[in-house]
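Colleague: The structure that follows is given in the form of structure tokens.
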Amino acid sequence: MVDAVVSVFLDNLLKALSEESRILVEFRDQFEKLQSELLLMQGFLKDADRLKRKQQVLRTIMVHLRELIFEAEDILADCQLQSRDNDPFSAGWFMCIYPKKLPFQYQTGKRLKEINEKIIKIKKDIGPYLGVSILNQPDQNDLFPRWSSPVYDHTQVVGLEGDKRKIKDWVFNADDGILGIGVVGMGGLGKTTIAHEVFNDREVEARFERRMWVSVSQTFTEEQIMRSMLRNLGDASSGDDQGELLRKINQYLVGKRYLIVMDDVWSENVAWWQKIFEGLPKGNGSTVIITSRNEKVVRKMGVKEDKIHWPKCLSRSDSWLLFRKIAFAASGGECTFPELENIGKEIVVKCKGLPLAIKVVGGMMLCKPPRYHEWKRISDHFRNELAENDDSESGLRATLQLSYDELPSYLKSCFLCFSIFPEDCVIGKDQLVRWWIGEGFVPLRGGRSTTEAGEDCFSGLTNRCLIEVVDKTYNGTIYNCTIHDMVRDLVLKVAEDDAFYNENGSSCRHLGIQNDLGPTHLIANQKLRALLSTNKTAEVNKIASSMAKKVHESRYLRVLDLSRSIFEASLSGTLNQIGSLQHLTYLSLSNTHPLIQLPHSLEKISHLQILDVSYCQNLKMLPSYIVTFKKLKVLDVSHCGSLECLPKGLGRLSNLEVLLGFRPARSSQLEGCRIGELRNLTKLRTLGLQITRADEIGDNEVNALINLQELQYLSMSCFDSHGNDLITKVDKLFPPQQLHELCLKFYPGKMSPMWLNPISLPFLKFLSISSGDIAEMNQRFWGDVNTVWKIEALMLESLSNMGVEWLKVQRVMPSLRVVNVSWCPELGSFPVDDFGFRGGVWKKEEHRS
């Protein structure tokens, strides 16, 4: 990933050279020389990164280059810090007034000169190994991604209908015992996909009263398995012993027909399963589905030979169909370039019918320009990689490696971030994107906002099918993801080779926080760049004070995410030295305990870009110094039940792009931020608003949102609201016209707000209304003959009084393609099953005539 390291450094250097005017002027010549040399080298670094796997000398050279770039990046960060600390003075005055800083000046200049000399030598040494000119230009595909939003529908499945039908037949013909079913085959064959298709099938869902999906990693404990089963049953028990956990599982399941999926079981030692199985209630036609690469495993877990299913590789026609659906997703899965069809089929044949290989290669080609020579280059590269890997599993690894090699430089760093998460971990998109922004992995080009560019990077990996979707919103926005275990194997290998991360936690620049992380890990990683919480769903970290205090010694730390953690002592005391982390750009204390107030020394980190304190129920106030964080782009204070308002002056944060959990100050809260201050946040893209009382909106503040021209997403909640006057005020609080998505929660009025109409919100594409008292829509909502909504996805949830007619909705929303309805008993005219209870989804494509 040396090309990625260089790419990130050059972006940061370019930004620094354009912004700084103090101490950097002393070293501008050296930095510009370094920039020039690296730009010349950038064109062939991707090839060098690929070839180093086969040439040890080249590998050693690349490691040396990587370490030099990291050192230069740290020097640049120190220079920026010195410049900020002494901003009032010019470089000359700096030398006179601060003579103690002269050693810094001397050492920095000397070291930069040495780095430049070494890089010039590397440039000469590397050429003969590559056989290329050092004047190559950077790959233009790196600079301009072809797709900046999700294109491929990840829910599509091809060629597995017969597998699903076979297993469903077994399930529905089960006798009174517990039926065991095994799905066995090599990695990437689609075992988990088949199990998912069965698990989520409507008929299967109706047959079983309880369903549990358990991902069994290679390293697991019996207790983890039982806790995972209980979480599936809605019980997040903690502190119970194994015997008590098993008794609870039995109590939930007794007298019920249940389905359990044990996904991806590796170990032939199945004593853990035998103990769990003995505690399960028998009878009622319950079923256990086990997926594994090893037939012995499923046999030892009690599956009979005639109930083991071996999925086959996809046929040539299904392979081509799956490839087309991905590679040509932008044209509905149809190949509209005749010159690409034959070469596309050649590529597909090399995948040998393995769904994972086909998806990854299809995603790679989706992101390449549809030109014959580019596709031919990929095909030739693919053939060369496969020449040394004859068997299917080695071929799959080669396919994944090729997909990584072909990533744009800026996506390689983003992709390697998955290495720090444990196997089968569900990973939040927000955590990933904020990390990428905090560490400078996100390139800012074309005037795009930082958060938008970060989301583009996430889309770049999803479009390449390197990320597996776990959870999506009603409108298809992905918010949780994971990676396939074979993709994870590749990520871990590359991350270790490039000192990005390794599983023993030593000599790497990125670490994940789990309960086994101690001070020794931090002592061994003085150059740590990122430390993040990586615990699994419903698990918490228990962090000792000794470990937390060691964090302060990692002076080059950019990213610190301590979310979902319990600390031995008060966080404000434990982190009282956090101000020493002068390079910190992203801090997350989300869902930490006990957090009552932020550490005082945090005030020193004036260049913080992202602050997340969401789900901190005991946090009573934010310090007033927050409004001095001029570079802040994301502030998340959502779900902080004790937080009454934000500090006055928040409107000074002119670079803010995301503000979640904003509670306007009441007229009596003189030191709080009023809603009128939002007018100044002109870069705001995402706003989460909590309004409960009428005096939170002054008569002269009803226009606070109307001119926020960049605002794309607005969530407005009136949870726990008081007084009818609030309805009148909210009715006048018009959102900006260009709003893209609206989420309205707990609205107290019987009729929808006056501004919720297609004239006031002509560009609205996604609308969600949940809870509250709305019984009917304002007459303006229905538009007129010449005015209809552009809404594509609609969600109505927990609206017990709403009784609108489906045909009327269809007429005013002709672009509607998805409708999600649940807990709305009066919406009987909607073509959605179970609309009054758990609900269902209507999709336009399923109802074409």
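The values are calculated or read from the model by the stated rules, or taken from the named source; none is laboratory data. Values in this document were obtained by computation on a predicted structure and should not be read as measured data. Glycine gets a Cβ as well: all are built from the backbone with ideal geometry, and neighbour counts include every protein chain shown. When the accessible area is computed, the model is the full protein with side chains, heavy atoms only, and any ligands, DNA or RNA have been set aside. Shrake-Rupley method; radii C 1.70, N 1.55, O 1.52, S 1.80 Å.
Colleague: Residues that are of a type in the set (A, V, I, L, M), open to solvent by 20 Å² or more (accessible area, probe 1.4 Å) and either under 27 Å from T477 (Cα atoms) or under 25 Å from the mean Cα position of the chain (by Cα) (or both): does segment 768-791 have at least one?
Modeller: There is at least one residue in segment 768-791 that is of a type in the set (A, V, I, L, M), open to solvent by 20 Å² or more (accessible area, probe 1.4 Å) and either under 27 Å from T477 (Cα atoms) or under 25 Å from the mean Cα position of the chain (by Cα) (or both).
Colleague: Let me ask something else. So is G428 surrounded by fewer than 18 Cβ atoms within 10 Å (Cβ to Cβ), within 13 Å of the chain's Cα centre (by Cα) and small (G, A, S) or not? So that I can check it myself, show each step before the final result.
Modeller: On the way: surrounded by fewer than 18 Cβ atoms within 10 Å (Cβ to Cβ): yes; within 13 Å of the chain's Cα centre (by Cα): yes; small (G, A, S): yes.
Taking the combined requirement at face value, the residue satisfies it.
Colleague: Now a separate question. Looking at segment 1-16, I want the residues that are closer than 10 Å to D49 by Cβ and have a partner that is of a type in the set (D, E) and surrounded by 20 or more Cβ atoms within 10 Å (Cβ to Cβ) with Cβ atoms under 6 Å, at least 6 apart or on another chain. Which pairs are those?
Modeller: M1/D498; V2/D49; D3/D49
Colleague: Output the number of residues of segment 40-58 satisfying the condition of being in contact (Cβ under 8 Å) with a residue 60 or more places away in the chain, open to solvent by 30 Å² or more (accessible area, probe 1.4 Å) and assigned to a helix (DSSP H, G or I).
Modeller: Count: 7.
Colleague: Considering only segment 336-379, how many residues are part of a helix (DSSP H, G or I), free of Cβ contacts under 8 Å to residues at least 60 places away in the same chain and either closer than 22 Å to S459 by Cβ or open to solvent by less than 40 Å² (accessible area, probe 1.4 Å) (or both)? Quick ask: steps written out before the conclusion?
Modeller: First, pick out the residues of segment 336-379 that are part of a helix (DSSP H, G or I): 338-350, 355-366, 372-379.
Next, only the ones that are free of Cβ contacts under 8 Å to residues at least 60 places away in the same chain stay: 338-350, 358, 361, 365, 372-379.
So of that shortlist, the ones also either closer than 22 Å to S459 by Cβ or open to solvent by less than 40 Å² (accessible area, probe 1.4 Å) (or both) come out as 340, 343-344, 347-348, 358, 361, 365, 374-375, 378-379.
Of the residues in that region, 12 qualify.
Colleague: Going through K191, K275, K248 one at a time, which residue ends up being among the basic types (K, R) and out of contact with any Ser or Thr (no Cβ under 7 Å at 6 or more places or on another chain)?
Modeller: K275
Colleague: Would you mind telling me which numbered condition in (1) in contact (Cβ under 8 Å) with a residue 24 or more places away in the chain; (2) surrounded by 22 or more Cβ atoms within 10 Å (Cβ to Cβ) S449 fails?
Modeller: (2)
Colleague: A further question follows. Answer yes or no as to whether M1 is within 26 Å of L492 (Cβ to Cβ) and either modelled with pLDDT under 85 or buried (at least 19 other Cβ atoms within 10 Å of the Cβ) (or both). Before the answer, list the steps.
Modeller: On the way: within 26 Å of L492 (Cβ to Cβ): yes; either modelled with pLDDT under 85 or buried (at least 19 other Cβ atoms within 10 Å of the Cβ) (or both): yes.
In short, yes.
Colleague: Now a separate question. For segment 393-423, how many residues meet the condition of being open to solvent by 20 Å² or more (accessible area, probe 1.4 Å) and over 18 Å from A495 (Cα atoms)?
Modeller: 2
Colleague: Scanning for something farther than 26 Å from K765 by Cα, of a type outside the set (D, E, K, R), crowded, with 22+ Cβ neighbours inside 10 Å and touching a residue at least 12 places away in the same chain (Cβ under 8 Å), does segment 696-705 turn up at least one residue? Spell out how you get there, then give the answer.
Modeller: So in segment 696-705, the residues farther than 26 Å from K765 by Cα come out as 696-701.
Still in the list and also of a type outside the set (D, E, K, R): 697-698, 700.
Within this subset, residues satisfying the condition of being crowded, with 22+ Cβ neighbours inside 10 Å are 697.
If we keep only those that are touching a residue at least 12 places away in the same chain (Cβ under 8 Å) as well, we get 697.
Within segment 696-705, one or more residues are farther than 26 Å from K765 by Cα, of a type outside the set (D, E, K, R), crowded, with 22+ Cβ neighbours inside 10 Å and touching a residue at least 12 places away in the same chain (Cβ under 8 Å).
Colleague: Can you say whether K312 is surrounded by fewer than 16 Cβ atoms within 10 Å (Cβ to Cβ), under 33 Å from the mean Cα position of the chain (by Cα) and assigned to a loop (DSSP other than H, G, I, E, B), as far as the supplied structure shows?
Modeller: Numbers: surrounded by fewer than 16 Cβ atoms within 10 Å (Cβ to Cβ): yes; under 33 Å from the mean Cα position of the chain (by Cα): yes; assigned to a loop (DSSP other than H, G, I, E, B): yes.
Yes.
Colleague: Taking interchain pairs and intrachain pairs at least six residues apart, which have beta carbon atoms under 9 angstrom, with the first residue in segment 229-254 and under 21 Å from N541 (Cα atoms) and open to solvent by 30 Å² or more (accessible area, probe 1.4 Å) and the second at pLDDT below 85 and among the β-branched types (V, I, T)?
Modeller: Once the first residue is under 21 Å from N541 (Cα atoms) and open to solvent by 30 Å² or more (accessible area, probe 1.4 Å) and sits in segment 229-254, its partners that are at pLDDT below 85 and among the β-branched types (V, I, T) give R231/T537; S238/V540.
Colleague: Right, next: Where residues in segment 600-654 are in contact with a Leu (Cβ under 6 Å, 6 or more places away or on another chain) and not in a loop (DSSP other than H, G, I, E, B), which of them is farthest from E677 (Cα to Cα)?
Modeller: L611
Colleague: Going by what's in this entry, would L595 be described as open to solvent by less than 10 Å² (accessible area, probe 1.4 Å) and either without any contact (Cβ under 8 Å) to a residue 12 or more places away in the chain or in a strand (DSSP E or B) (or both)? First the steps, then the outcome.
Modeller: Working: open to solvent by less than 10 Å² (accessible area, probe 1.4 Å): yes; either without any contact (Cβ under 8 Å) to a residue 12 or more places away in the chain or in a strand (DSSP E or B) (or both): no.
Here the answer is no, as L595 does not meet what is asked.
Colleague: Further question: Counting only residues that are in a loop (DSSP other than H, G, I, E, B) and either more than 25 Å from V469 (Cβ to Cβ) or more than 30 Å from the chain's Cα centre (by Cα) (or both), which one in segment 315-335 is modelled with the lowest pLDDT? If you could, list the steps in order and put the result at the bottom.
Modeller: Just the residues of segment 315-335 that are in a loop (DSSP other than H, G, I, E, B), to begin with: 315, 328, 332-335.
Subsequent filtering for residues that are either more than 25 Å from V469 (Cβ to Cβ) or more than 30 Å from the chain's Cα centre (by Cα) (or both) retains 315, 335.
Values: S315: 95, C335: 91.
In this case the residue turns out to be C335.
Colleague: Restricting to segment 522-567, and then to whatever is closer than 17 Å to F70 by Cα, charged (D, E, K, R) and touching a strand residue (DSSP E or B) at 6+ places or on another chain (Cβ under 9 Å), can you tell me which residue is least open to solvent (accessible area, probe 1.4 Å)?
Modeller: Once the filter is applied, the top-ranked residue is R529.
Colleague: Further, regarding this structure: If you scan segment 457-476, which residues turn out to be closer than 26 Å to T585 by Cα and within 11 Å of the chain's Cα centre (by Cα)? Quick ask: steps written out before the conclusion?
Modeller: Quick first cut of segment 457-476, residues closer than 26 Å to T585 by Cα only: 457-462, 467.
Across segment 457-476, the qualifying residues are C457, F458, S459, L461, T462, I467.
Colleague: For segment 452-467, give me the residue count where each residue is outside any helix (DSSP H, G or I), in contact (Cβ under 8 Å) with a residue 60 or more places away in the chain and open to solvent by less than 20 Å² (accessible area, probe 1.4 Å). Spell out how you get there, then give the answer.
Modeller: Step one: list which residues in segment 452-467 are outside any helix (DSSP H, G or I), which gives 464-467.
Imposing the further condition that a residue be in contact (Cβ under 8 Å) with a residue 60 or more places away in the chain reduces the set to 464-466.
After this cut, where a residue has to be open to solvent by less than 20 Å² (accessible area, probe 1.4 Å) as well, the list is 465-466.
The number of residues fulfilling the criteria is 2.
Colleague: Still on this structure, I have one more. Of the residues that sit in segment 476-506 and are of a type in the set (S, T, Y) and without any contact (Cβ under 8 Å) to a residue 60 or more places away in the chain, which one is farthest from F458 (Cα to Cα)?
Modeller: Step one: filter segment 476-506 for residues of a type in the set (S, T, Y), giving 477, 479, 482, 501, 506.
With without any contact (Cβ under 8 Å) to a residue 60 or more places away in the chain added as a condition, the list becomes 477, 479, 482, 506.
Working: T477: 11, Y479: 10, T482: 12, S506: 28 Å.
Looking at residues that are of a type in the set (S, T, Y) and without any contact (Cβ under 8 Å) to a residue 60 or more places away in the chain, I get S506.
Colleague: Looking at (1) surrounded by fewer than 22 Cβ atoms within 10 Å (Cβ to Cβ); (2) over 30 Å from V214 (Cβ atoms), which one does V470 not meet, given that it meets all the others?
Modeller: For V470, the exception is condition (2).
Colleague: Something else about it: I'd like to check something: does segment 59-78 contain any residue that is at pLDDT below 85, in a helix (DSSP H, G or I) and touching a His at 6+ places or on another chain (Cβ under 8 Å)?
Modeller: For segment 59-78, residues at pLDDT below 85, in a helix (DSSP H, G or I) and touching a His at 6+ places or on another chain (Cβ under 8 Å): present.
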